[in-house]
Structures are given as C-alpha cells and as structure tokens.
1. Modelling each spin label as a point 7 Å along the Cα-to-Cβ direction, I'd like the residue 37/residue 73 distance in nm, to one decimal.
2. Any idea what angle helix 12-25 forms with the longest principal axis of the chain, computed on alpha-carbon atoms, 0 to 90 degrees, nearest 10?
3. Over region 1-43, what lengths in whole Å, largest first, do the semi-axes of the equivalent ellipsoid take, defined as the square roots of 5 times the eigenvalues of the alpha-carbon gyration tensor?
4. With springs only between Cα atoms under 10 Å apart, run a GNM on the chain and tell me which of 24, 65, 38 wobbles the most.
5. Compute the length gained on full extension between residue 7 and residue 84: take 0.36 nm times their separation in residues and subtract their Cα-Cα distance, giving the result in nm to one decimal.
6. Given the DSSP H assignment, sum -39500 (n - 2.57) over each helix run of at least 4 residues in the chain and divide by its residue total; what's the result at 222 nm in deg cm²/dmol, nearest 500?
7. Give the angle, between 0 and 90 degrees and rounded to the nearest 10, that separates the Cα long axis of helix 47-59 from the longest principal axis of the Cα atoms of the chain.
C-alpha cells in the first residue's frame, strides 16, 4: 500500500453508479474515487455536531431547520464548484 495503490471490488450496480458519477463530473473514475476518498478523510464529521451540542447545552439554543438547510445547500454548491474546477 505504500505506493498508494489500492484495489477495491465493487458490485455491478455500485460500479455503474461510480462510472456514471465520474462521467457526470467529467473526470476519470480513478481520479474521481481518489478525490472522494480525500474529501471524506478531510471531513471532521463530528466536530460540528459536538460544537452545536455544546452551544445547546450551554445556552439552550438549537439550530433552526432553515439555517441547517442553508448550510447544506452552501456545502453542496461548494463541492460542486470544487469538482468542476478539479475536472478542468
């Protein structure tokens, strides 16, 4: 694994979905997968949840659905933009 190569076996449906997603992003499957993995490893999936819980626990304030949805839309737009830029 020290050379960075990893072999993964996918079922037919997942392989088709992956190929479709890579094609839609305009990138080779290998690059698309590498970017997905790097993005996922860079995510700190729990820090936001912990921070929100700390605010709620301290102040009794939660995050409204509109704010949460706006943040979600912003993140999707950002990732879409990054994917397009990386594919150029």
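1. 3.5 nm
2. Its long axis makes an angle of about 80 degrees.
3. For region 1-43, the semi-axes come out at 18, 14, 10 Å.
4. 65
5. Contour length minus Cα-Cα distance gives 25.1 nm.
6. It comes out at -24000 deg cm²/dmol, rounded to the nearest 500.
7. 10 degrees
Throughout, read-outs are computed from the coordinates displayed, never taken from laboratory work. Source: prediction; values computed, not measured. We place every Cβ from the backbone using ideal geometry, glycine too, and count neighbours over all the protein chains shown.
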